[in-house]
Amino acid sequence: MIVHKSVTAFAPATVANISCGFDIMGFALEGEGDKVTVEVDDSPGREVISITGKYAGLVPQEPGKNTAGVAINALLKAAGKENISVKITLEKNLPPGSGMGSSASSAAAAVYALNRLFGNPFRTIDLIPFAMEGERAACGTAHADNVAPSLLGGFVLIRSYEPLDIIQLKTPSDLYCVVIYPHIEVKTSDARRVLRRDFPLNVVTRQSANTAALTAGLLTGDYSLVGRSMNDLLAEPRRTMLIPGFAIAKKSALEAGAIGCGISGSGPSVFAFSSDKNRADKIADAMQKAFREAGLNSDRIISSLNAPGAKVINEVDF
Ligand code: HSE
């Protein structure tokens, strides 16, 4: 079946983990994200990918290795359309290895666009496992805490991976997130390799308590509870060493009035919450100053936690 049409989709950057929610929490950011255009080709059997955008040169160029291509292959297989070839154009706007869900954004935009091209046979939530295959190709683990919010938007909790059980949480509209991206690359695979695999029972108990309390704090708008709960005993202690200036940036964010602060995904980006937009700017200034003093330039994003997920931005019939 050849559809004479091209579809372009956008999928946003994301913050994963939210300190205590390792691999099980994430939310979409306003603003930046990757764009993917898909067309179905007359010559069956192979995907082709061309990559443009600021970070085009920093991602795998083969469709079988690029997260967009891998996710598309997973969708084609599930749809029984493996004999169709797809022409993929990826506009790579997010820096890889930034901790802002760069690989997830490409995969999410790719499957969202292809699903629309086929007439939406899958619900958006059912596209998550395909995009997760992109994550597996990128870092060795099919985690969903970036792809799920990138597809669905807003704040997402993953209660279970097998079977996949995704919960969308409503978060307060006056809660802002500051994300500071210091200009170094941290590969998610490396940031996962440094993690401890065995934790004492009392650490597991404290981490579970914080995750539950963070959820309660977000649902009730209790920012003091949110702040007290943003304490990560699993990943942050090991990953801090991968991010020069992180400890001082976190201290500066809290001194500037942040509700809480932690590593965004696997880093090096760092995020902080604020209940006030003006204060968010001051928190961002303080964090960027800390990174500058550690020798790193950085970029900032300030976003609500209720940003929309993937969307179609262009459709052309030909
Ligand atoms: N949960 C993942 C990790 C997110 O922390 O490794 C990677 O972006």
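We did not get these values from a lab; they are worked out from the coordinates using the rules stated. On a predicted model such as this, the values are computed, not experimentally measured, just so you know. In this analysis, Cβ positions are derived from the backbone assuming ideal geometry, glycine residues included, and neighbour counts consider all displayed protein chains.
Quick notes on this one:
- Principal-axis tilt of helix 102-117 within the chain, Cα atoms, nearest 10 degrees: 40
- Summary of packing: across the peptides 5-13, 289-297, the per-residue average of other C-beta atoms within 10 Å ranks them, highest first, as 5-13, 289-297.
- Each eigenvalue of the Cα gyration tensor of the stretch 129-235, multiplied by 5 and square-rooted, gives one semi-axis; in descending order these are 23, 19, 16 Å.
- Dividing the summed -39500 (n - 2.57) terms of all DSSP H runs of n ≥ 4 by the residue count of the chain sets its mean residue ellipticity at 222 nm at -10500 deg cm²/dmol.
- For the chain, averaging the sequence separation of C-alpha pairs within contact (under 8 Å, six or more residues apart) and dividing by the residue count gives a relative contact order of 26 percent.
- Among 268-278, 72-82, 151-161, the order from most to least packed when residues are scored by Cβ within 10 Å on average: 268-278, 151-161, 72-82
- Cα-projected label distance for Asn202 with Gln61, points at 7 Å along beta-carbon direction, nm: 5.5
- Report note on the peptides 193-205, 108-120: ranked by the mean count of other C-beta atoms within 10 Å, highest first, their order is 108-120, 193-205.
- Rg/Rg_globular for the stretch 176-304, with Rg_globular taken as 2.2 N^0.38 Å and Rg from C-alpha atoms: 1.05
- Mean projected area of the convex hull spanned by the Cα atoms of the chain, taken over all viewing directions: 15.3 nm².
- The stretch 176-304: relative contact order as a whole-number percent, Cα under 8 Å and 6+ apart: 41
- Modelled spin labels at Ala78 and Met241, positioned 7 Å past Cα toward Cβ, are 3.8 nm from each other.
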